[in-house]
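Quick notes on the structure that follows.
The values are calculated or read from the model by the stated rules, or taken from the named source; none is laboratory data. Everything numeric here is computed off the predicted structure, so don't read it as measured data. Neighbour counts run over all protein chains shown; Cβ positions are idealised from the backbone, glycine included. Surface areas here come from the heavy atoms of the whole protein model, side chains and all, with no ligands, DNA or RNA. Shrake-Rupley method; radii C 1.70, N 1.55, O 1.52, S 1.80 Å.
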Amino acid sequence: MENKSGSKASTASSVKPVATNAQGNNTASKKGALSKITLATFIGLTFSLVAGPYYSTLTATGWNMFLFMGIAVIGFALPIALMSGEFGTTFPGQGGPELWVKNTLGPKWGFVTSWLIWAAMFPSMVVVGTGFAPMVALLLKKESLIENSMFTLAVILGLVWCMTLLNLKFDMAKVNGKFGIWLGLYIPVVMLFILGMFTFVKIGLNPDSILGTFSWSKLVPTSFTSGSGMYFSGIIFIFLGIEMSSVFITRLKKPSQQYAKGVITSLILLALFSLINSFLVANVIPAGKIQLNNGAQPLQLFADRLGLPYFVVQIFCLLSIVSVLTNMSTWFISAQKTITASAREGDFPEKFKFWKTNKFNSSNTLLFVQAIAITILSGAYVVIPGINKVFVIITNSGTMIYCLAYTLMALGFIAMRRKSPDTEHPFRVGKKGNGLGFFFAGLLMVTIVFALTLTFMSNTIENLIFVLIFVGILFSIPLIIYNKKKASWLTDVQKEMAKDSTQTTNK
């Protein structure tokens, strides 16, 4: 799940931390009006939201990567970004998708959206840990541990609980600062690109690689329900969080003219950037030998082909480890804020203590709940054989959860437009009427259905059962909680918050 909270988690699938609160819009009320930004700056900020150094799921599709990337950009990322731009200027308060859905479909579905965005963090963190394990193994020169499920499980649990305990004692977001994006994004990306280009120049098109020899027919899958189709949900996962580009829309000098242009330019650059690096990586990985969890695998192969010393791979691994630690700690805090906000609105019983935050503005209770949920999900490595298989299952689960939130967002957009089809905003999808707006909302939902269909049809029954049960449980929980909601929950929370505030003041 890259960089929705101002930083990016580097993993083998470009999974990233997804910020759950569009906080940029209200900053002006605290420190005066924010300065305007140029179109070039906006493009750079949008690009950094989703760019990442690893593309294993895209690489695994071989020559199909060009088609799948086109579908993901046009049918998924672009509609989300455009609708978010209009949403962000219509409802400029904090909250992002959950605020937008709440104001268009009602409090119930706003709460469900809030929950889903938080819950999507559970599988995302498992994937982050899965990608973290090979980096540790390679740094220690223990390559045999890369495909060891128990080692992977141990690293995930150690990482998650370490981050939990650190966030209880320290303001990790402040400690981390902004160096993570350099260590975990820019430097590794440059390393991949430069070494990949040198390798391609040296060996040319490798017939033994994932790409193999070229033919025009290879650009289209022979079947969408087998082979590369199973990776499509991982490709659209790359773009999760693109809605956060709307945070910057009010800082553009001419939002109506610049936002769409900036978003489209960013997505084109991101697509080219991802495809070039994925192509270079796919050209060195032997067919059938991709390690989805090992983001350093391309570096290993590049270094081997170019005769470079092993410490080049170790440097890459070290940068990735620092990046994951940096961004993961930020994600642990940002992901829970939406639930804390919901708890303070009376959506959870007071006794859960989700409303109560420590001096670092995070909920200790939610930190433990997150860690326990991730621990349970990580148990998939014990019951399901094969790291690649678990990696795909967990990635599909995270994608499906977030796609449910995006579906609610699209339905909310349609509802908003039906109520006020001609309302003007600083940015609007289409100058008049609902035609273009409804087209993009529909396109997004069609793409989501396409992605989920591929997931269903290209996986085994056992894998699908796991995904459906897991997603079904996480989707049902907020509905059950909301249906059990009592007016006393809000009253009790307000009393405890007032008492807590008084005690803090007296101290």
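Considering segment 227-274 alone, what residues qualify as being β-branched (V, I, T) and touching a Pro at 6+ places or on another chain (Cβ under 6 Å)? Passing the criteria: only I249.
For segment 469-488, a residue qualifies if it is open to solvent by less than 90 Å² (accessible area, probe 1.4 Å) and either under 13 Å from M400 (Cα atoms) or of a type in the set (F, W, Y) (or both), and the qualifying residues are F470, V471, G472, L474, F475, Y482. The lone criterion from (1) open to solvent by less than 10 Å² (accessible area, probe 1.4 Å); (2) under 18 Å from the mean Cα position of the chain (by Cα); (3) at pLDDT 90 or above; (4) not hydroxyl-bearing (S, T, Y) left unmet by G62 is number (2). Summed over segment 426-472, the residues that are among the hydroxyl-bearing types (S, T, Y) and within 22 Å of the chain's Cα centre (by Cα) give a count of 3. Determine whether segment 344-351 contains at least one residue that is in contact with a Ser or Thr (Cβ under 8 Å, 6 or more places away or on another chain), open to solvent by 30 Å² or more (accessible area, probe 1.4 Å) and within 30 Å of M244 (Cβ to Cβ). Checked against the condition, which is being in contact with a Ser or Thr (Cβ under 8 Å, 6 or more places away or on another chain), open to solvent by 30 Å² or more (accessible area, probe 1.4 Å) and within 30 Å of M244 (Cβ to Cβ), segment 344-351 yields no hits at all. The set of residues from segment 273-286 being open to solvent by 20 Å² or more (accessible area, probe 1.4 Å) and at pLDDT below 90 comprises just one member, F273.
V263: of a type in the set (A, V, I, L, M, F, W, C), within 28 Å of P92 (Cβ to Cβ), open to solvent by 10 Å² or more (accessible area, probe 1.4 Å) and in a helix (DSSP H, G or I), yes or no? No.
Tell me which residues, restricted to segment 411-464, are of a type in the set (V, I, T) and open to solvent by less than 60 Å² (accessible area, probe 1.4 Å). Write out each step before concluding.
Step one: filter segment 411-464 for residues of a type in the set (V, I, T), giving 414, 423, 429, 446-449, 453, 455, 460-461.
Correct list: I414, T423, V429, T447, I448, T453, T455.
Of all residues in segment 211-240, those satisfying the criterion of being open to solvent by 40 Å² or more (accessible area, probe 1.4 Å) and aliphatic (A, V, I, L, M) are L219, V220, M230. Scanning segment 26-43 for residues that are outside any loop (DSSP other than H, G, I, E, B), modelled with pLDDT under 80 and open to solvent by less than 40 Å² (accessible area, probe 1.4 Å) yields a single hit, A28. Select from segment 130-154 the residues that are surrounded by fewer than 24 Cβ atoms within 10 Å (Cβ to Cβ), touching a Gly at 6+ places or on another chain (Cβ under 9 Å) and farther than 25 Å from P309 by Cβ and list them in ascending order. Hits for segment 130-154 are S149, L153. Restricting attention to segment 296-321, the residues that are farther than 20 Å from Y55 by Cβ and surrounded by 17 or more Cβ atoms within 10 Å (Cβ to Cβ) total 1.
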